[in-house]
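Peer 1: Have a look at this one.
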Amino acid sequence: MKYKRSSELFQLAKKKIPGGVNSPVRAFKSVGGTPIFIKKAKGAYLFDEDDNKFIDYISSWGPMIIGHSNNSVINAIANTAKKGTSYGIPTSLETEIAELVVSSNPSIDKIRFVNSGTEACMSAIRLARGFTNREKIIKFSGCYHGHSDSFLIDAGSGAATLNSPSSPGVTLGTVKDTLISNYNDIESVHSHFKKYPNEIAAIIIEPVAGNMGCIPPKKGFLEGIRKVCDNYNSILIFDEVMTGFRLSFGGAQELLGVRSDIVTFGKVIGGGLPVGAFGSRNEIMNQLAPEGPIYQAGTLSGNPLAMIAGLTTLKILKNNPSIYKSLANKTITLHNEMKKCLEQKGIGYQINSLGSMISLHFSEHEIIDFKSACMANNKIFKKYFHGMLESGIYLPPSQFESYFLNDALSYDDIDYTVKAFKKVLNSI
Ligand SMILES: *Cc1c(COP(=O)(O)O)cnc(C)c1O
């Protein structure tokens, strides 16, 4: 494949944009090579500036769950745009999507919309701190909750890819209030509570981790976290930015049957436009300004374009619940077929998958937390990634990212992917 135009565009971009990208993982740092520049996308396919076509397994990192340029979503955005794009004044669309989200999740009575997953998680933490009058939070090594200071400590995703688990610019004061536990290790949570029984405002966790590859929670792990929060009057925050409306319409908590106090959303909830949200029961949400004293605001929050893109996407998902089954079946097929090829090749591997999330690590060890994810072989991953790209398959350019299947993906696409996979494995 030729990437001539992409290379030129990347050189130009690098002159004016740090690293040539507006979000680090796009830069191909951990796999090397030049990122491709996309011209357009339709359904399950991406088309780059050199007119190469790719089957897309990242779906814009999750939002495009029903496929790219879905006609209903695009038409709804276009019609709304004709009436103006932002007023900074309430619209009925905001209440309509709020009603839909609240009805999808028994943990939520009220919801506030923001512009990104980062904002949602940052605001959720402030709300938990304000509500409990405590300062410390627990996060898990390798979990990613956006790029606000409190979370950039042992963060996954792009931060892990860059080998900068914490970032310069995050103050020691902030670090001291973020306690780190290990995913799937309830003892590492208990030990913090023993030390600080009355100081921990909240635990924030990805109920199914997706930012160190896909790592599902072990049986009893989330239940244990729920229990410890109840025992110590701490707030449990499920960061469902990735899993919300993806693993099921009610997110990971519906699928796994464990309820959080606060839920954060992003990605799918915006249907491809910048939207985040956080919700909880009345007792907690009524503490937010202007009803209560905890401040949170946003000039473009709830703007009509973002709301209509999210609302249209969510309605499609709600009205077609079979999408989830179909996505899960496609993922299982991919999982099983990849497994067969890997067994034949006799290479150390781990595939984790749940719903429409799946990831492959080249490792002999089970991938259950950040430490085990870091032990996977990145040299092989690089070859694998570039081999697949060359075959027209766009995978996340890092082993610390999950693939996100979208509903436009066909079994023919999966077939093609598996054939390419076999060929690429043989070349490794
Ligand atoms: C993507 C992500 C975020 C951050 O969302 P942005 O919209 O990128 O700010 C937070 N939490 C999780 C679990 C995510 O996957």
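Peer 1: Past the 16 angstrom mark, what percentage of all C-alpha to C-alpha distances in the stretch 73-142 do you count? Write out the running numbers ahead of the final one.
Peer 2: Values: 1633 of 2415 pairs.
Summing the P(r) of the stretch 73-142 above 16 Å gives 68 percent of all pairs.
Peer 1: Using a simple spin-label model with points 7 Å from Cα along the Cα→Cβ vector, what separation in nm is obtained for Lys218 and Lys345?
Peer 2: That separation, rounded to one decimal, is 2.8 nm.
Peer 1: Something else now. Please state the relative contact order of the stretch 71-319 as a whole percent: Cα pairs under 8 Å, 6+ residues apart? All intermediate terms of the calculation are to be shown ahead of the outcome.
Peer 2: On the way: 486 pairs, mean separation 72.3, N = 249.
About 29 percent, as a whole number.
Peer 1: Given Leu247, Leu311, Ala155, which one lies farthest toward the positive end of the charge dipole of the chain, if we put +1 on the Cβ of every Lys and Arg and -1 on the Cβ of every Asp and Glu?
Peer 2: Of the candidates, Ala155 comes out farthest on the positive side.
Peer 1: Length gain on complete extension for the stretch Thr174 to Lys318, per 0.36 nm per residue less the alpha carbon to alpha carbon distance?
Peer 2: Details: separation 144, 0.36 × 144 = 51.84 nm, distance 3.97 nm.
Gain on stretching Thr174 to Lys318: 47.9 nm.
Peer 1: Work out the FRET efficiency for Tyr295 and Lys2 from their Cβ-Cβ distance, taking R0 = 45 Å, and round it to the nearest 0.05. Let's see the in-between values first.
Peer 2: On the way: r = 52 Å, r/R0 = 1.15.
That pair, Tyr295 with Lys2, gives E of 0.30.
Peer 1: Can you pull a Stokes-Einstein diffusion coefficient for the chain at 10 °C (1.306 mPa s), Rh from Kirkwood over Cα pairs, as a whole number of µm²/s? Don't skip to the end; give the middle numbers.
Peer 2: Working: Rh = 22.0 Å.
Answer from the Stokes-Einstein relation: 72 µm²/s.
Peer 1: To continue, here is another question. Given q = 0.15, 0.18, 0.19, 0.30 Å⁻¹, what are the Debye log10 I(q)/I(0) values for the stretch 384-428, with equal point scatterers placed on the Cα positions and solvent ignored?
Peer 2: -0.38, -0.55, -0.61, -1.19
Peer 1: Give the relative contact order (percent, whole number) for the chain; include only Cα pairs under 8 Å separated by 6+ residues. The partial results should precede the final answer.
Peer 2: Values: 860 pairs, mean separation 94.5, N = 428.
Once normalised by length, the contact order is 22 percent.
Peer 1: Charges at C-beta only: +1 for Lys and Arg, -1 for Asp and Glu. How large is the resulting dipole of the stretch 71-319 about its Cα centre, in Debye rounded to 20?
Peer 2: Numbers: 22 positive and 21 negative charges, 39 e Å.
Dipole size: approximately 180 debye.
Peer 1: Given Cα pairs under 8 Å that are at least 6 residues apart, what percent is the relative contact order of the stretch 250-372? Intermediate results must be reported in sequence, preceding the final value.
Peer 2: Values: 121 pairs, mean separation 20.2, N = 123.
Relative CO of the stretch 250-372 lands at 16 percent.
Peer 1: Applying a 10 Å radius around every beta-carbon, put 391-403, 94-106 in order of their mean neighbour count, most first. Walk me through the intermediate numbers first.
Peer 2: Working: 391-403: 23.1, 94-106: 17.4.
Ranking, from highest mean packing down: 391-403, 94-106.
Peer 1: Determine the dipole magnitude for the chain: charges of +1 sit on the beta-carbon of Lys and Arg, -1 on that of Asp and Glu, nothing else is charged, the reference point is the Cα centre, and the result goes in debye to the nearest 20. Mind dumping the intermediate values first?
Peer 2: Details: 46 positive and 38 negative charges, 184 e Å.
That gives the chain a dipole magnitude of about 880 debye.
Peer 1: Sorted by packing (mean other beta-carbon atoms within 10 Å per residue), highest first, where do 209-221, 377-389, 318-330 land? Working shown, then result.
Peer 2: Details: 209-221: 23.9, 377-389: 18.5, 318-330: 14.7.
Top to bottom by mean Cβ count within 10 Å: 209-221, 377-389, 318-330.
Peer 1: Provide the net charge surrounding Cys214, with neighbours chosen by a C-beta distance below 12 Å and charges set as Lys +1, Arg +1, Asp -1, Glu -1.
Peer 2: Numbers: positive: Arg246; negative: Glu206, Glu401.
So the surrounding residues net to -1.
Peer 1: What is the calculated FRET efficiency for Glu283 to Tyr411, with r their C-beta to C-beta distance and R₀ = 45 Å, to the nearest 0.05? Don't skip to the answer; put the middle values down first.
Peer 2: Details: r = 47 Å, r/R0 = 1.05.
With a Förster radius of 45 Å, E is 0.45.
Peer 1: Charges on Cβ only, +1 for Lys and Arg, -1 for Asp and Glu, centred on the Cα centroid of the chain; of Pro90, Ser60, Gly276, which one is farthest towards the dipole's positive end?
Peer 2: My answer, from the dipole projection, is Ser60.
Peer 1: Could you provide, to the nearest whole Å², the per residue accessible area of the chain with probe 1.4 Å? Write out the running numbers ahead of the final one.
Peer 2: On the way: 17970 Å² over 428 residues.
Here the per-residue accessible area is 42 Å².
Peer 1: Setting aside same-chain residues fewer than 8 positions from Lys379, which lysines have a Cα under 17 Å from its Cα?
Peer 2: In chain and number order, the partners are Lys29, Lys345.
Peer 1: Expected output is a single nm value to one decimal: the length gained when fully extending between Tyr87 and Ile428, i.e. 0.36 nm times separation in residues minus the C-alpha distance. What is it? Could the numbers behind the result be given before it?
Peer 2: Numbers: separation 341, 0.36 × 341 = 122.76 nm, distance 5.45 nm.
Result for the pair: 117.3 nm of gain on full extension.
Peer 1: In Å, what is the Rg of the alpha-carbon atoms in the stretch 71-319, and how long is Dmax?
Peer 2: 17.6, 57
Peer 1: Let me ask something additional. Have a look at the stretch 91-225 and give its Rg and Dmax from the Cα atoms, expressed in angstrom.
Peer 2: Gyration radius and largest Cα-Cα distance of the stretch 91-225: 15.8, 47 Å.
Peer 1: Grab the stretch 71-319 and count how many Lys pairs have their alpha-carbon atoms under 22 Å apart, sequence gap of 8 or more, or different chains.
Peer 2: So the count of such lysine pairs works out to 24.
Peer 1: Give me the net charge for the shell around Ser410: Cβ to Cβ below 15 angstrom, other residues only, Lys and Arg +1, Asp and Glu -1. Write out the running numbers ahead of the final one.
Peer 2: Details: positive: Lys42, Lys53, Lys330, Lys419; negative: Asp56, Glu337, Asp407, Asp412, Asp413, Asp415.
Residues close to Ser410 contribute a combined charge of -2.
Peer 1: Another question about this same structure. Only Cα pairs within less than 10 Å get springs; with that Gaussian network setup on the chain, which residue of Gly346, Gly302, Gly142 has the largest fluctuation?
Peer 2: Among Gly346, Gly302, Gly142, the largest GNM mean-square fluctuation belongs to Gly346.
Peer 1: Under 11 Å from the Cβ of Asp51, count the other residues' Cβ atoms, weight Lys and Arg +1, Asp and Glu -1, and hand me the total.
Peer 2: Working: positive: Lys2, Lys4, Arg5, Lys39, Lys40, Lys53; negative: Asp48, Glu49, Asp50.
Net of charged neighbours comes to +3.
Peer 1: When you count, for each residue, the other Cβ atoms within 10 Å and take the mean per peptide, how do 115-122, 407-414 rank with the highest first?
Peer 2: Numbers: 115-122: 24.5, 407-414: 17.6.
The packing order, highest mean first, is 115-122, 407-414.
Peer 1: Run the accessible area of the chain with a 1.4 Å probe and give the carbon-and-sulfur part as a rounded percent.
Peer 2: Numbers: 9410 of 17970 Å².
Summing carbon and sulfur atoms, their accessible area is 52 percent of the total for the chain.
Peer 1: Kirkwood-based Rg over Rh for the stretch 301-363 (C-alpha set), two decimals?
Peer 2: Values: Rg = 17.3 Å, Rh = 14.1 Å.
We get a ratio of 1.23 for the stretch 301-363.
Peer 1: Which listed residue (Met122, Gly302, Ser181) has the Cα farthest towards the positive end of the charge dipole for the stretch 71-319, taking +1 on Lys and Arg C-beta and -1 on Asp and Glu C-beta about the Cα centre?
Peer 2: Working it through, the farthest residue towards the positive pole turns out to be Gly302.
Peer 1: Bin width 10 Å, origin at 0, all Cα-Cα pairs of the stretch 215-262: what percent of pairs per bin?
Peer 2: With 10 Å bins starting at 0, P(r) equals 27, 55, 17, 0.
Peer 1: Same structure again: Could you work out how much longer the chain between Thr34 and Thr333 gets when fully extended? Use 0.36 nm per residue separation minus the Cα distance between them, nm to one decimal. Each step should come with its number before you reach the end.
Peer 2: Values: separation 299, 0.36 × 299 = 107.64 nm, distance 3.06 nm.
The Thr34-Thr333 span can extend by a further 104.6 nm.
Peer 1: Quick check on the stretch 166-280: what does the Kirkwood estimate of hydrodynamic radius come out to from the alpha carbon pairs, in Å? Can you show the working numbers first?
Peer 2: Working: mean 1/r = 0.0663 Å⁻¹.
Taking the inverse mean of 1/r over all distinct Cα pairs, the stretch 166-280 comes out at 15.1 Å.
The values are calculated or read from the model by the stated rules, or taken from the named source; none is laboratory data. The shown structure was predicted, so the numbers you read here are calculated from the model rather than taken from an experiment. In this analysis, Cβ positions are derived from the backbone assuming ideal geometry, glycine residues included, and neighbour counts consider all displayed protein chains. Heavy atoms of the whole protein, side chains included, go into the accessibility calculation; ligands, DNA and RNA do not. Shrake-Rupley method; radii C 1.70, N 1.55, O 1.52, S 1.80 Å.
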